[in-house]
Structures are given as C-alpha cells and as structure tokens.
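The values are calculated or read from the model by the stated rules, or taken from the named source; none is laboratory data. Only a predicted model underlies this, so the values are computations on that prediction, with no experimental measurement involved. Cβ sites come from the backbone with ideal geometry, for glycine too, and all protein chains shown count toward neighbours. Heavy atoms of the whole protein, side chains included, go into the accessibility calculation; ligands, DNA and RNA do not. Shrake-Rupley method; radii C 1.70, N 1.55, O 1.52, S 1.80 Å.
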Amino acid sequence: IQLTQSPSSLSASVGDRVTITCRASQAISSYLAWIQQKPGKVPKVLIYSASTLQSGVPSRFSGSGSGTDFTLTISSLQPEDFATYYCQQLNSFPITFGQGTRLEIK
Amino acid sequence: EVQLLQSGGGLVQPGGSLRLSCTASGITLGDYAMNWVRQAPGKGLEWVSTISDDGSGTYYADSVKGRFTISRDNSKNTLFLQMNSLGVEDTAVYYCARSDFCHPVKCFLVDPWGQGTLVTVSS
C-alpha cells in the first residue's frame with residue numbers, strides 16, 4: 001500500500017493552522033498513524049487509529065479520515081512543531097510510510 | 001515507564017553480518033508483537049520486519065527477505081535482528097518498536113521506539 005503525503009514541504013509561521021494530507025493507494029480503514037521526527041531524534045507517534053491522540057501529545061494536534069484519505073491538523077503552530085511528519089499504515093504487511101512532509105519556519 | 005534499549009550496531013564490511021538487540025524494561029515483551037524500522041541517512045522511515053508476540057509469525061520487507069531474521073527471547077525480554085549479506089544500501093539507523101492494540105499482528109500503534117542504533121556498511 002502506497003502512502004502519498006502532501007505537501008512534501010511547507011513553510012508556516014508560529015500560530016498558523018496547518019494541515020497535512022495522506023492518501024493511501026487502497027483502503028486501510030483507520031489503521032493510520034502520524035509520526036513526528038526532529039533531526040537526529042527518535043520518531044514520536046502523535047496520532048494512531050487515524051484520530052486517537054497518543055498520551056502526552058498536545059491537543060493542538062488532531063487527525064481525521066478513514067479509508068484512503070487522512071489529515072493531520074496542527075491548530076496553532078508552536079516553535080517546537082517544526083519537524084518532519086510521516087503517515088504510517090498498519091492495515092497490512094508490508095507496513096509502509098509516507099515520504100514525509102517537512103514543516104519549516106516561514 | 002516502558003523503555004527499549006538497543007545495542008549491536010556498528011561498522012561492517014559489505015557481505016558481512018551483524019546482530020542487533022533490543023531489551024525491554026517496564027513491560028513483559030512476550031505480551032507484544034515487535035518491529036524493526038530503519039532510516040537511511042537523510043531518507044525517510046522504512047519498515048523492516050515484525051514478529052508476533054510468541055514468535056510464531058514473522059514478516060519482512062522484500063528488501064531484506066532472505067537476508068535478515070527477526071527473533072525474540074521472551075525469557076530475556078529481548079528482541080533480535082540478525083542481518084546477513086549486508087550491502088551498502090542497508091546503512092541506516094535501526095529502531096526497534098513495540099506494537100500495541102493488535103488483533104493479533106494487525107495493530108493500531110507502533111510505539112514506543114528504541115533509541116536507534118547506527119549500522120554502517122562500508123569497505
């Protein structure tokens with residue numbers, strides 16, 4: 001299953017509302033997670049089951065979607081949110097990741 | 001607190017072998033399916049392998065099938081990845097990670113992740 005994220009990169013300002021989309025090549029129900037990674041750091045799961053916020057993750061992050069189309073929304077960007085974001089499907093093997101969306105400071 | 005502590009990375013020549021380990025604390029490893037995920041320098045995340053909670057089921061990416069073997073020793077709370085016939089394309093940071101909310105290996109969550117270990121394949 002291929003996952004296509006858009007955009008591949010994004011420039012935004014602190015306080016902006018940002019949306020990243022992930023499209024699956026076939027239906028994956030809600031077996032989708034969103035992962036944040038900062039340079040040189042371990043990936044961090046933000047959202048799983050498409051819309052469930054992982055423990056300890058700020059509520060400004062939210063996820064939605066089912067089937068083939070999913071979104072990650074950051075309601076008000078904070079300085080620590082500038083990172084690369086990946087979607088991940090766990091519906092079937094091989095587990096796959098999107099190509100990543102690099103979120104940069106404008 | 002769940003922690004996954006990895007060891008075993010390093011520099012190896014093309015065609016060589018290496019074994020990675022991932023020891024869990026704060027959980028009973030045998031209650032969970034486990035995974036290996038890698039990230040080549042400057043690249044995205046790539047799933048490598050998954051093993052069921054009791055070790056009876058194993059799954060591999062096509063890129064490593066026949067060369068890598070995932071295994072576990074639940075009595076030692078440890079996950080392994082045996083890597084043979086290594087090529088330069090296997091150079092990456094390797095992460096172990098726990099699966100959760102599974103039925104039985106179809107899971108909603110892969111978390112937490114180990115700290116990562118760098119494998120460099122070079123002559």
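Averaged over its residues, chain B has an accessible area of 44 Å² per residue, based on protein heavy atoms and a 1.4 Å probe. For chain A, what class follows from the C-alpha gyration tensor (a ≥ b ≥ c being the square roots of its eigenvalues): rounded when a/c is under 1.5, otherwise prolate if a/b is larger than b/c, else oblate? Prolate, since a/c reaches 1.5 and a/b exceeds b/c. Rg ratio for the protein assembly as shown: its Cα radius of gyration over 2.2 N^0.38 Å, N being its residue count, equals 1.00. Counting 0.36 nm for each residue step from residue B:103 to residue B:31 and taking away their Cα separation leaves a gain of 24.7 nm. Taking trypsin sites (Lys or Arg not before Pro) in DSSP loop states with no more than 15 other Cβ atoms inside 10 Å as exposed sites, chain B has its longest site-free stretch at B:1-42. Legend: calculated FRET efficiency, residue B:82 to residue B:2, from the Cβ-Cβ distance at R0 = 25 Å, rounded to 0.05, equals 0.55. Across segment B:58-100, the mean sequence separation of Cα contacts (distance under 8 Å, 6 or more residues apart), normalised by length, yields a relative contact order of 28 percent. The residues of chain A expose, per residue, 44 Å² of accessible area to a 1.4 Å probe. Nearest 0.05, what FRET efficiency do residue A:16 and residue B:122 give at R0 = 41 Å with Cβ-Cβ as r? The value I calculate is 0.45.
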